Amino acid sequence: MKLLLFVLMSLTLWGQSSAKVIMLKQMKADSASLIAQAFGDGKVTVQRDPRAPMIVLSGPPDLLTAIENAIQKADVPDKPALNVELTFYVLVAGDTSVSTALPEELAGVAKQVKALFGHPTLRLLDSIQVRSRDGKGGEASGMMGKMQGSLPSQYQLRFAEVSLSGAEKSRTVRLNALKFGTKIAIGAQYLDTGFNTDVDFREGQKIVIGKSSLDSSGTPFFVVVTGKVVD
C-alpha cells in the first residue's frame, strides 16, 4: 500500500498528465489491471501490488475515467449458483402388485408412452430426487422396488452437469452426460442395462428420457425427468 502511494506521488511530481487510485471491492488487482491495460491501449501506466485492493493509473484523464467506470461495473459480487431439484420417475409397463398407480401429475406423460409404445398399463415403480447446483453434477444409487417373482433391481443415476439458461419464467434445464443404469439378475449373474443421453427440457416440464429392461423377461421401464429451481 505504501509503495503504491509513493508511486502515485512520484507520478504527480514527474509531470504525468493525471493519476488516479482505484480502490477495489471484490476484484483482484491483477484482474483490474487487465481491464486498465485493455482500455488504456498503451497510453495508460498501471501500477499494482497484488496484496493491496487497489491499482494506480496514470495517463490521459478521459481514459482514466473510462477505465474507472469499467472497473466499477465489473467489480461486483458473483451471483450465487441456483439450486436445482431434479425428480426422476421410473414407470414400468404391465401389471405388478408392488408398483403403485400413476400420480395425476404423470397422466400426460403416460398417454405419450402408451401412444408411442402401445403398453396398456403403466405403474409407478419408484421416484428418485437429486438436488444439485447450476453448473454442477450429481448422482444417486439404490434399489428400485421389487417386481413380482424377481429380485429387486439395482440402479445408478449420474449426470456430469445440470445447467440453466433463459429468463426466470422460461428457463431451460439441460442435463449433460446423463446415465441411468440398472443391474438385472439373470441366474446367478447380473447384467448391466440402461442408457446415456444429453437432455433439455423447460423448467417444470416432464419428459421421457429413456427406455430399458427391468428384469430377465424383458419387462420394459421408462424414465421420466422434471426439474425446478429451489431455494
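The values are calculated or read from the model by the stated rules, or taken from the named source; none is laboratory data. This structure is a prediction, so every number in the text was calculated from the model and none was measured. In this analysis, Cβ positions are derived from the backbone assuming ideal geometry, glycine residues included, and neighbour counts consider all displayed protein chains.
For the reader, a short list of remarks on this structure follows.
- Qualifying residue in the range 81-99 (condition: under 27 Å from the mean Cα position of the chain (by Cα), surrounded by fewer than 13 Cβ atoms within 10 Å (Cβ to Cβ) and assigned to a loop (DSSP other than H, G, I, E, B)): yes
- As a summary of the residue check, ASN83 satisfies the conditions (1) farther than 30 Å from SER165 by Cα; (2) at pLDDT 85 or above; (3) polar (S, T, N, Q) except for the one numbered (1).
- Any chance LEU157 is of a type in the set (A, V, I, L, M, F, W, C), out of contact with any Lys or Arg (no Cβ under 6 Å at 6 or more places or on another chain), closer than 30 Å to ASP30 by Cα and modelled with pLDDT of 85 or more: no
- Here ASP62 does not qualify as modelled with pLDDT of 85 or more, touching a Leu at 6+ places or on another chain (Cβ under 8 Å) and farther than 30 Å from ALA188 by Cα.
- Members of the range 166-187 found to be buried (at least 16 other Cβ atoms within 10 Å of the Cβ) and outside any strand (DSSP E or B), listed by number: ARG171
- Some residue of the range 218-229 being in a loop (DSSP other than H, G, I, E, B), surrounded by fewer than 17 Cβ atoms within 10 Å (Cβ to Cβ) and without any contact (Cβ under 8 Å) to a residue 12 or more places away in the chain: yes
- Among (1) touching a Leu at 6+ places or on another chain (Cβ under 9 Å); (2) without any contact (Cβ under 8 Å) to a residue 60 or more places away in the chain - the single one LEU157 does not satisfy: (2)
- Count of residues meeting criterion [loosely packed, with under 15 Cβ neighbours inside 10 Å and touching a helix residue (DSSP H, G or I) at 6+ places or on another chain (Cβ under 8 Å)] in the range 18-30: 1
- Pairs where the first residue, in the range 116-130, is surrounded by 14 or more Cβ atoms within 10 Å (Cβ to Cβ) and the second is basic (Lys, Arg) and not in a strand (DSSP E or B), C-beta under 8 Å, 6+ apart: LEU122/LYS114
- The range 64-84 residues that are touching a residue at least 60 places away in the same chain (Cβ under 8 Å), paired with ones that are surrounded by 12 or more Cβ atoms within 10 Å (Cβ to Cβ) and among the aliphatic types (A, V, I, L, M) (beta carbon under 9 Å, 6 or more apart): LEU82/LEU164; LEU82/VAL229; ASN83/VAL229; VAL84/VAL130; VAL84/VAL162; VAL84/LEU164; VAL84/VAL173; VAL84/VAL229
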